[in-house]
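The values are calculated or read from the model by the stated rules, or taken from the named source; none is laboratory data. Note that the coordinates shown come from a computational prediction; the quantities given were computed from them, not determined experimentally. Neighbour counts run over all protein chains shown; Cβ positions are idealised from the backbone, glycine included.
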Amino acid sequence: MSSSPHSRTDVAEDSHHEPPTSKLPADVLWNIFRMNADMNDDELIDFRLILRPSGLFKKRALTNTRIASQVCALWRQILLASPSIWGRLIDVDFFAWIGAFKRRCDRRHNHWAREVLRRSQDCPLHVKGEIGAWIAEFVGDILDNSWERVCVLDVKIGRIVDKDLHKLVYRLQNIVSRPAKTLQFFRIDVQSNGGVDRYLMKALGDIGGMRLFSGEAPALKVYCHWPQFSRSLSVANARALSNIHTFSLLDREIQFSASHFLRVLRGMPLLETLRIWYFHFIFGHEWDTTTANRVKLPLLNKIEFYNDNMGQLTKLMGSFDPAPGCAIQVDTQFPGQFLEVPQSRDIFDDSMPILSQYGASYFKHHGFRIA
């Protein structure tokens, strides 16, 4: 069935109309652009696809923002006048890919990375991604020269086989010992590629003894403890962590005093979420879980434990006084078939009263619903 002449005329006229988005106020557009500039929504990158980049970076906050800045004059004007948006887009993964794919491994030639940094002017920076050899010096310069602007630092230092990465780890020793008045989120994941790298371990040991943020990180809300940096987790550094809401520990290798850990937690009265992943605690003769020695955390409403030692978890769970209705998630293993091994049965039996106590408190305050 063919269309009438009138309907064809209407379509032709509509084609000259401006799109609905052009009628949105500038402040609404700005808020949309800011929401889209969230690197937490970025997809993980498979660097094995480095030579097949088609579509690899379509769903990235930086890519979306760059494309939006080229849609029309109004959008470009808004974005180029919004340094705070560009400051949220220090996408280390994207910059590393650009450097590798275009053979611009030298930091001086990573034009797009330098352009994003220029557009951010003096606004807070969100730095996120995996730091490889291609981008190590550039990221080190950003942190070194603009540390007072860093709001989010969420990076992984992987493939520790390059001298530039070793240099970066040493630079971090100085950088993170400075006051961090803007910092809100801190996570550095350091991974050695196959076995223990003795140079890296020395660097980590040196960093472990430093004064974290010089004791000044008033805006810090999320702190993910450095793997293998356990000496930095000290009462002396607790001042820098006094305002955090989320505290995460991840370290398979280090043994840490449980009593000392509780003393550190006492300096975190605003703590809301506690995550402990595979951290090994030592319970000495001084361990005391009497009411007077329990850690009172009145805002703690979520605890996550991932550990293969349920005995340790039971002791820790019994040492907290969290908020009423605190949720707890436990992922653990029992040695052998726990129904057949007496030791495992004892550990399981000891854990039940504590788990029941948390469960009763949770359902009392949240009710019980079946999805």
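Restricted to segment 227-265, and to residues there that are of a type in the set (D, E, K, R), buried (at least 16 other Cβ atoms within 10 Å of the Cβ) and more than 23 Å from Q329 (Cβ to Cβ), the residue that is modelled with the lowest pLDDT is R231. With respect to the stated conditions, K296 is more than 19 Å from D346 (Cα to Cα), at pLDDT 75 or above, over 24 Å from the mean Cα position of the chain (by Cα) and charged (D, E, K, R).
Does any residue of segment 78-87 turn out to be of a type in the set (S, T, N, Q), closer than 29 Å to G132 by Cα and at pLDDT below 90? No; the residues of segment 78-87 include none that is of a type in the set (S, T, N, Q), closer than 29 Å to G132 by Cα and at pLDDT below 90.
Just one of (1) closer than 17 Å to L265 by Cβ; (2) hydrophobic (A, V, I, L, M, F, W, C); (3) surrounded by fewer than 21 Cβ atoms within 10 Å (Cβ to Cβ); (4) modelled with pLDDT under 85 fails for M210. It is (1). Within segment 302-328, the set of residues being over 10 Å from Y358 (Cα atoms), at pLDDT 85 or above and either under 23 Å from the mean Cα position of the chain (by Cα) or aromatic (F, W, Y) (or both) comprises K302, I303, E304, F305, F320. Residues satisfying the criterion are present in segment 121-131 (criterion: buried (at least 20 other Cβ atoms within 10 Å of the Cβ) and either modelled with pLDDT under 85 or farther than 25 Å from P218 by Cβ (or both)).
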